[in-house]
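Each reported figure results from applying straightforward, stated rules to the coordinates on display, with no laboratory input. Nothing here was measured: the structure is a model prediction, and the numbers come from that model. As a convention, Cβ positions derive from the backbone with ideal geometry for all residues, glycine included, and neighbour counts pool all protein chains shown.
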Amino acid sequence: MSVLIVGSTALDSIKTPRAENPRLLGGSASHAAVAASFFSPVQLVGVVGGDFPRRYLALYKRRRIDLEALQILPGKTFHWSGEYESNMNHRRTLLTELGVFETFTPTLPKSHQAARYVLLANIAPGLQHHVLDQMQRPKFVAADTMDLWLNIALPELLKLLKRLDAFVLNDSEAHQLTKEENVFAALKKIHKLGPKYVIIKKGSHGSILSGPRGSFICPAYPLRKVVDPTGAGDSFVGGMMGYLATAKGSVEDNIRRAMIYGSVVASFCCEGFGLTRTTKINRSHINQRAKELEKLTRF
Ligand code: AMP
């Protein structure tokens with residue numbers, strides 16, 4: 001089964017203490033789509049401008065990502081720029097230019113409306129609703145967000161939470177949303193807002209799932225060197241959704257293993273700028289790290 005993914009399709013200019021890389025292929029949907037494509041077919045919903053490099057379109061195609069719902073419009077591609085501090089945990093947004101995303105209201109082709117797994121990757125909640133409104137009978141809908149939407153579109157985001165199976169957010173966003181310092185207290189409060197599954201990401205400390213069968217602590221793969229963590233969260237949720245879409249059995253049976261695979265893809269993402277490392281790996285690299293994670297956490 002394929003995963004339909006909507007989110008930002010962007011050009012990212014990233015500064016770390018060691019290097020600076022302008023106009024890389026980025027965006028929440030790009031990272032998530034590439035990650036999901038290791039496990040399942042992917043239908044990408046997004047928009048880029050006339051300035052979007054052809055080699056980036058070729059890169060999506062090499063990952064066999066369905067681009068029927070990727071619009072190319074006159075105008076500028078969404079451009080985001082961020083700068084990391086020396087510990088690579090803190091990042092500052094330097095620039096967000098919405099470009100062609102400003103007025104993007106896609107109409108999905110019939111083939112896309114039938115997708116059973118839907119990932120509403122980080123983008124304005126209004127657009128997440130708009131895409132979800134067009135889905136015919138999705139089986140599992142997950143969404144991600146960011147602090148910006150908690151600040152400027154909270155009512156729409158709260159409405160979205162009632163329509164989701166799973167909500168994925170990072171620890172600072174969970175704190176912002178619930179005012180709880182304690183992550184388990186935050187999980188409980190977020191369940192009350194709607195989603196059956198809540199996953200709080202904790203960067204290099206992994207993530208925590210809370211669901212009907214209790215909690216699960218998912219480790220991050222222990223990396224010695226992080227080159228650029230941009231998109232790690234999107235890779236995590238993309239990998240997880242791709243795995244879920246093709247795994248046999250119920251979501252409840254598979255979600256823990258799906259998180260492990262998401263975590264592994266996210267680790268590769270951190271080893272290169274933008275998508276440079278993730279686009280060089282294959283399924284056997286992923287399986288190898290998943291085995292290592294299993295060894296590291298078995299006792
Ligand atoms: P992450 O590192 O998981 O937080 O995701 C980083 C990605 O989010 C980058 O590739 C950006 O292009 C994208 N991004 C940054 N700001 C926004 C925004 N306001 N809306 C949608 N995507 C964004």
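Does the stretch 66-167 classify as rounded, prolate or oblate by the C-alpha gyration tensor (a ≥ b ≥ c root eigenvalues; a/c under 1.5 gives rounded; else a/b over b/c gives prolate, otherwise oblate)? Walk me through the numbers before you get to the answer.
Working: a/c = 1.99, a/b = 1.37, b/c = 1.45.
Oblate.
Can you give the charge dipole size of the chain about its Cα centre, rounded to the nearest 20 debye, using +1 on the beta carbon of Lys and Arg and -1 on the beta carbon of Asp and Glu? Provide the component values of the computation, followed by the final result.
Numbers: 39 positive and 25 negative charges, 208 e Å.
Approximately 1000 debye in magnitude.
What FRET efficiency, computed as 1/(1 + (r/R0)^6) with R0 = 51 Å and r the Cβ-Cβ distance, is obtained for Thr105 and Thr276, rounded to the nearest 0.05? Present the calculation step by step, with values, prior to reporting the outcome.
Numbers: r = 32 Å, r/R0 = 0.63.
The pair Thr105/Thr276 has a calculated efficiency of 0.95.
If Lys and Arg each add +1 and Asp and Glu each add -1, what is the summed charge of the other residues whose beta carbon sits under 9 Å from the beta carbon of Tyr84?
Details: positive: Lys15, Arg91, Arg92; negative: Glu83, Glu85, Asp228.
My count for the surroundings of Tyr84 gives 0.
If you place +1 on the Cβ of every Lys and Arg, -1 on the Cβ of every Asp and Glu, and leave all else neutral, what size is the dipole of the stretch 235-299 about its Cα centre, to the nearest 20 Debye? Present the calculation step by step, with values, prior to reporting the outcome.
Values: 10 positive and 5 negative charges, 40 e Å.
Dipole about the Cα centre, nearest 20: 200 debye.
Enumerate the calculated ³J(HN,Hα) couplings along the stretch 48-64 in order (Karplus 6.51 cos²θ - 1.76 cosθ + 1.60, θ = phi - 60°), each rounded to whole Hz, writing x wherever the residue is Gly or Pro.
Each residue's phi maps through the Karplus curve to give 10, x, x, 7, 6, x, 4, 5, 6, 5, 5, 5, 4, 5, 4, 8, 6 Hz.
Given bins 10 angstrom wide, list per bin the percent of all Cα-Cα distances in the stretch 198-263, short to long.
Per 10 Å bin, starting at zero, the Cα-Cα P(r) for the stretch 198-263 comes out as 21, 54, 21, 4 percent.
Measure off 7 Å from each Cα along the Cα-to-Cβ vector at Lys225 and Gln288, then give the distance between these two points in nanometres to one decimal.
Calculated label separation equals 1.7 nm.
Between Glu68 and Arg137, what is the label-to-label distance in nm when each label sits 7 Å out along the Cα-to-Cβ direction?
Distance between label points: 2.0 nm.
Rank these for me by crowding, His31, His285, going from fewest to most other beta carbons within 10 Å. Walk me through the numbers before you get to the answer.
Working: His31 34, His285 14.
Listed from fewest to most nearby Cβ atoms, that is His285, His31.
Evaluated at 10 °C with a viscosity of 1.306 mPa s, what Stokes-Einstein diffusion coefficient in µm²/s does the chain have when Rh comes from the Kirkwood expression over alpha-carbon pairs?
Working: Rh = 18.9 Å.
Answer, rounded: 84 µm²/s.
P(r) tail for the stretch 29-107, what percent of Cα pairs lie past 16 Å?
59 percent
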